[in-house]
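Notes to accompany the following structure.
The values are calculated or read from the model by the stated rules, or taken from the named source; none is laboratory data. Note that the structure is a prediction, hence the values are computed from the model and not measured. Note that we place each Cβ from the backbone using ideal geometry, even for glycine, and neighbour counts take in every protein chain shown.
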């Protein structure tokens, strides 16, 4: 009892220490992010006064009304050689705020290159605040695993940025090769950091790599046999690279996330059942694994569909508003997204039996050793 009491006291002290360090880090980061203007090369202005000078109602050919507004804006320059001086400029925006910004006192904005208009809103402090909320929730729910998940996310973002930079600097290497190497690193690091060094993790790694590879192979063969009929690459018209190669790289990375989720879910479920009853038969394990797979298959496929399609909603509304034919609208805006969702769905379905049989392989090894 005394040992238990000491352990609880030490645990409470550790939690208080971690909480205090997080609070200090939060306060320090918010102070820094609100006073980091000198780190930017673009001119930042903090709005001190806003006066509306003009408002005009406009009606489009569909009968929709939108107000055109001009604001006279005064602000203090926060960085550069003119720091501390006041500047005045006009800000024009449409009331719909689709492409413009309505400014108010306290906003921090980047001036456009001409120094007479709004370039963009300075949003870093809002991003950091939301990131802290995400981190705190993850730590409360996941504790140490949550911290490792955050670290894994940061490492993967760093790897992706390095990989893209390597491709931009050395296009002769090929985006497909760089992407393949990156996803292997993503998979191994993410799963090892999330679940540690054990058979469950090794199962998830092998399953993820095999499932992702098979789904990409099937997608590649399907595109070759169909001549990529129905795919519209117009949204990639601004690229100076081969859009097909970029699309395939996107397919690979997009499928990886869904396949990895299914792989770790199934492997964790299989090993958890074995840990609860190490005499469980392979037949029962296999049946239970397929039941779990059936439950997550439909929801994961729907998630992929909604994730990919949601980004196209603004363009769909614009096309429909302009009375564009339904079929043309869908093919122009959803062909690539639906292809990505289908490839991810194929990966999810293939991953289920792969995860089950690889899990059974490792479980049998453990049974033999025991």
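Checking every residue in segment 338-353 against the condition of being assigned by TED's automatic domain parsing to the domain that holds residue 257 and closer than 30 Å to residue 97 by Cα gives at least one match. I'd like the full set of residues that are surrounded by 15 or more Cβ atoms within 10 Å (Cβ to Cβ) and within 15 Å of residue 49 (Cα to Cα), limited to segment 79-100. The answer is 87, 89, 91. Criterion first (outside the structural domain of residue 78 (by TED's automatic domain parsing) and at pLDDT 90 or above) does residue 129 satisfy it? Considered against the rule, which asks whether it is outside the structural domain of residue 78 (by TED's automatic domain parsing) and at pLDDT 90 or above, residue 129 comes out as yes. Residues in segment 31-74 that are in contact with a strand residue (DSSP E or B) (Cβ under 7 Å, 6 or more places away or on another chain) and within 24 Å of residue 128 (Cα to Cα): 37, 42, 43, 44, 45, 46, 47, 48. The number of residues in segment 304-319 that are surrounded by 12 or more Cβ atoms within 10 Å (Cβ to Cβ) and either in contact with a helix residue (DSSP H, G or I) (Cβ under 6 Å, 6 or more places away or on another chain) or at pLDDT below 80 (or both) comes to 9. You will find that of 216, 221, 180, 239, the residue that is surrounded by fewer than 18 Cβ atoms within 10 Å (Cβ to Cβ), at pLDDT 85 or above and under 30 Å from residue 327 (Cα atoms) is 221 and no other. The listed residues are 153, 138, 221, and the only one of them that is in contact (Cβ under 8 Å) with a residue 12 or more places away in the chain and either in a helix (DSSP H, G or I) or on the phi > 0 side of the Ramachandran plot (or both) turns out to be 138.
In the set (1) touching a helix residue (DSSP H, G or I) at 6+ places or on another chain (Cβ under 8 Å); (2) modelled with pLDDT of 80 or more; (3) more than 30 Å from residue 22 (Cβ to Cβ), the condition left unmet by residue 165 is number (1). Against the definition (within 26 Å of residue 311 (Cα to Cα), at pLDDT 80 or above and out of contact with any helix residue (DSSP H, G or I) (no Cβ under 8 Å at 6 or more places or on another chain)), how does residue 258 come out, yes or no? It is false that residue 258 is within 26 Å of residue 311 (Cα to Cα), at pLDDT 80 or above and out of contact with any helix residue (DSSP H, G or I) (no Cβ under 8 Å at 6 or more places or on another chain).
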